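Colleague: I'd like to ask you about the structure that follows.
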Amino acid sequence: MYLVNHLLDSFIPPDQRDERPSTIVLRPNGCLSGVSCETFQEALESALEWTTDTVVVDMLWVESVPAEGISSLMAGLERATALGKTLSLRSLDVDTHATLEAWLAEV
């Protein structure tokens, strides 16, 4: 939550901070595990709450997505659905994409 709020405070002019953005882009990097996974999940949840429409997660700079990272992405997809918002995952590696597709097919 701090990450998203800090970024929003840094980039949104003071007179526009009461307006909620329609789209927020998150760009995690490194390995999506451990503390970075927790931080990412908090940022994702905050972004989903804050945006009026869409959160885009650009995974281009993510080196690996172990099981806990996959779980965070799945939780984000579920939360977006519950809120009636869109979560768009971009630049996923082949394995992560296949795992998420298989999970979505079961839901």
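The values are calculated or read from the model by the stated rules, or taken from the named source; none is laboratory data. All of these numbers come straight from a predicted model, not from anything done at the bench. Positions of Cβ are generated from backbone atoms using ideal geometry, with glycine treated the same way; all protein chains shown enter the neighbour counts.
Colleague: Report whether or not Ala43 is of a type in the set (A, V, I, L, M), modelled with pLDDT under 95 and over 13 Å from the mean Cα position of the chain (by Cα). Show your work before the answer.
Modeller: Numbers: of a type in the set (A, V, I, L, M): yes; modelled with pLDDT under 95: yes; over 13 Å from the mean Cα position of the chain (by Cα): no.
Taking the combined requirement at face value, the residue does not satisfy it.
Colleague: In the stretch 84-107, is there at least one residue being of a type in the set (Phe, Trp, Tyr), more than 29 Å from Glu19 (Cβ to Cβ) and free of Cβ contacts under 8 Å to residues at least 40 places away in the same chain? It would help to see each step written out before you state the result.
Modeller: Here is the first cut: in the stretch 84-107, the residues of a type in the set (Phe, Trp, Tyr) are 103.
Applying the additional criterion that residues be more than 29 Å from Glu19 (Cβ to Cβ) yields 103.
So of that shortlist, the ones also free of Cβ contacts under 8 Å to residues at least 40 places away in the same chain come out as 103.
Checking the stretch 84-107: at least one residue is of a type in the set (Phe, Trp, Tyr), more than 29 Å from Glu19 (Cβ to Cβ) and free of Cβ contacts under 8 Å to residues at least 40 places away in the same chain.
Colleague: Output the number of residues of the stretch 51-89 satisfying the condition of being within 18 Å of Cys37 (Cβ to Cβ) and part of a strand (DSSP E or B).
Modeller: 8
Colleague: Quick check on Thr99: is it part of a helix (DSSP H, G or I) and modelled with pLDDT of 95 or more?
Modeller: When the stated conditions are applied, Thr99 does not pass them.
Colleague: Something else: Pull up the stretch 35-61, narrow it to residues that are out of contact with any helix residue (DSSP H, G or I) (no Cβ under 8 Å at 6 or more places or on another chain) and not hydroxyl-bearing (Ser, Thr, Tyr), then point me to the one that is surrounded by the fewest Cβ atoms within 10 Å (Cβ to Cβ).
Modeller: Val35
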